[in-house]
Amino acid sequence: MPAPAPATKPALTPDERQSVLRTLKSPRLLKTEVLAGLVVALALIPEAIAFSVIVGVDPRMGLFASFVMAVTISFVGGRPAMISAATGAVALVIAPVMASHGVEYLIATVILGGIFQVLLGVLGVARLMRFIPRSVMVGFVNVLAILVFGSQMPELLGVPWLVYPITAAGLLIVFGLPRLTTAVPAPLVAIVALTLVTVLAAIQVPTVGDKGQLPDSLPNLFIPDVPLTLDTFRTIAPYALAMAFVGLLESLLTAKLVDDITDTRSSKTRESWGQGVANIVTGFFGGMGGCAVVGQTMMNVKASGARTRISTFLAGALLLLLVVVLGDVVALIPMAALVAVMIYVSIATFDWHSIKPSTLKHMPKSETGVMVSTVVVTVWTHNLATGVGAGVLVAMVLFARRVAHFVTVERTVLEVNGEETATYRVDGELFFASSNDLYTQFNYATDPQHIIIDMHASHLWDASTVAALDSIAEKYRSLGKSLEIIGLNEASVLMRERLAGKLNG
């Protein structure tokens, strides 16, 4: 059974409720939300069909997933105006289940993945977002723009030559119209205008209808027919867990990106378990699962100016209306129009400031390296989770190396009461990277009989440092010299008392 959402969370926070009510009372704001939802719904259709092909399922499963995900997350999600639907990242993770075990196991995997996401959300996995450096976020934004752009290239290769002028006309509209008016979203104008031109002029170019058959009925409740056994769990759990992590990572990073664009804060914890609830509901309605969709989110927030849950809800509701009621009309939309819109989104999303020569000149090379590693690994693997993980790992290694060099050891020899005493003053944070070299900073053979290590300006962070101090003390003891360690703060004293003498065999 699906894990229940925490009951203590309100459907809407007071600020969100006020924002929705203000939008509903304002014709201008409501028009923005409605038109934004319509644009996103149109853009979701071909992608949902394409992701269905990746998984190897009927296109209806991708379309139903996008509908159910968007509508559900508009109520339970933590980031207003963010779009969740069927995605390529999730499709790639769960495709092997479909290939090896069929659609029943696929749906069971989606439901279990949603349950895992709910559990991760309740356990506070969203708090780990603070460990993702800004340079990784910049790389994430840039690589998303690159992937969105790259995903449009198949629509521009091996196609009739008329596709290119239609795409160029679409780009002219989406870039030029906002300079004249913002009353209507430029992407919507481009889609409607180019559809009319191709239909009236009987221009033969690829259309949305060429991507696959659109559904003609509403989704039904779907209970996967799989044995409720430990063997079934062992079969689908690895894929479900991978889906949960990939979906949460992409969703939380996208939520943070929208936070930055809109200068607002959102609940990442609520978004975490909200994504899980949305995937559980999606699975029980025969959808292939999903997560936040970066391209359509940027289209909704940045290109169309949407700011509330209304646009997210309408994106899902209008998607279903378009494919079920107006499927014959939607099928006529030229793919070139949608390609133009997505290219615009990718160009608008890319952080061009991050690659300006003036920026690169002043930016630390390590920061640039982290950004580049995130981009390169993601483009190489086509997996956002792998790329972000690589970026965080590179950032951690570079940070550890940099911090390790901040530790200094100063030696002074003074005569106290007629006896020479060597005092070593340790300055800096001691952890596994910086404490490894600590052992080599002492003159064991030439030091006098009495040695003091002054730790007033340092702190012990881990067992590696305690082990290093034990090794230093043992070395002096083997030479018949006395060692005194002074200045440890309370936390360091407690750690040393607990671990001293127990780490070096």
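Key figures for this structure:
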{"item": "Full-stretch length increase - Thr381, Val53 - with 0.36 nm per residue and alpha-carbon distance subtracted", "result": "116.2 nm"}
{"item": "Inverse of mean 1/r across different Cα pairs in segment 371-426, Kirkwood, Å", "result": "14.6 Å"}
{"item": "Ordering of 13-19, 146-152 by burial proxy (mean other Cβ atoms within 10 Å per residue, highest first)", "result": "146-152, 13-19"}
{"item": "Nitroxide proxy distance, nm - points 7 Å out along Cα→Cβ at Lys475 and Ile347", "result": "6.2 nm"}
{"item": "Rounded to whole Å, sorted largest first: equivalent-ellipsoid semi-axes of the chain, Cα gyration tensor", "result": "55, 26, 21"}
{"item": "Inter-centroid distance (Cα atoms) of segment 260-329 relative to segment 433-456, Å", "result": "59 Å"}
{"item": "Percent carbon-and-sulfur accessible area, the chain, ignoring ligands, DNA and RNA, probe 1.4 Å", "result": "65 percent"}
{"item": "Kirkwood Rh in Å, taken over all unlike Cα pairs in segment 71-171", "result": "17.6 Å"}
{"item": "Residue (of Ile173, Ala390, Leu319) at the positive-pole extreme of the chain, dipole from beta-carbon charges", "result": "Ile173"}
{"item": "Gap separating the Cα centres of segment 360-413 and segment 73-131, nearest whole Å", "result": "29 Å"}
{"item": "Cβ crowding within 10 Å averaged over residues, with 199-210, 50-61, 34-45, 179-190 ranked highest first", "result": "34-45, 50-61, 179-190, 199-210"}
{"item": "Separation between Cα centres of segment 173-204 and segment 206-241, rounded to whole Å", "result": "35 Å"}
{"item": "Over segment 1-137, volume per residue of the alpha carbon convex hull, in Å³", "result": "156 Å³"}
{"item": "Net charge over other residues, Cβ less than 12 angstrom from the Cβ of Leu499 (K, R count +1; D, E count -1)", "result": "0"}
{"item": "Rounded accessible area of Asp427 (nearest 10 Å², 1.4 Å probe)", "result": "60 Å²"}
{"item": "Contact order relative to length of the chain, as percent, for alpha carbon pairs under 8 angstrom and 6 or more apart", "result": "24 percent"}
{"item": "Computed magnitude of the charge dipole of segment 279-377 (debye, nearest 20; Cβ of K, R +1, Cβ of D, E -1)", "result": "360 debye"}
{"item": "Surface accessible to a 1.4 Å probe, per residue, for the residues of segment 410-505, Å²", "result": "56 Å²"}
{"item": "Cβ charges +1 (Lys, Arg) and -1 (Asp, Glu), total dipole of the chain, debye", "result": "1200 debye"}
{"item": "log10 of Debye I(q)/I(0), alpha-carbon scatterers only, for segment 325-476 at 0.11, 0.18 Å⁻¹", "result": "-0.69, -1.08"}
{"item": "Subset of Lys475/Lys502; Lys268/Lys302; Lys268/Lys365 violating a 22 Å alpha-carbon distance limit", "result": "Lys268/Lys365"}
{"item": "Debye log10 I(q)/I(0) at q = 0.12, 0.14, 0.17, 0.25 Å⁻¹ for segment 415-505, Cα point scatterers", "result": "-0.35, -0.48, -0.70, -1.42"}
{"item": "In sequence order, calculated HN-Hα J values of segment 38-45 (Karplus, 6.51, -1.76, 1.60; Hz; x Gly/Pro)", "result": "5, 4, 5, 4, 5, 6, 6, 4"}
{"item": "Debye intensity ratio in log₁₀ form over the Cα atoms of segment 110-165, taken at each q of 0.23, 0.24 Å⁻¹", "result": "-0.92, -0.93"}
{"item": "J(HN,Hα) series, segment 204-216, from Karplus relation 6.51 cos²θ - 1.76 cosθ + 1.60, nearest Hz, glycine and proline x", "result": "8, 9, x, 10, 4, x, 6, 7, x, 6, 8, x, 10"}
{"item": "Area of Tyr164 that stays accessible when all protein chains are in place (1.4 Å probe, Å², to 10)", "result": "110 Å²"}
{"item": "For segment 170-269, size of Cβ-based charge dipole, Lys and Arg +1, Asp and Glu -1, in debye", "result": "260 debye"}
{"item": "Antiparallel content of DSSP bridges confined to the chain, in %, to 5", "result": "45 percent"}
{"item": "Amide H within-cut-off set for Ile452, under 5 Å, with H built and near neighbours excluded", "result": "Ala422, Thr423, Tyr424, Glu484"}
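The values are calculated or read from the model by the stated rules, or taken from the named source; none is laboratory data. The model shown is predicted, which means the values in this text are computed figures rather than measured ones. Heads up, the Cβs are rebuilt from the backbone with ideal geometry, glycines too, and the neighbour counts pull from every protein chain shown. Note: accessible area is taken over every heavy atom of the protein model, side chains too, but ligands, DNA and RNA are not part of it. Shrake-Rupley method; radii C 1.70, N 1.55, O 1.52, S 1.80 Å.
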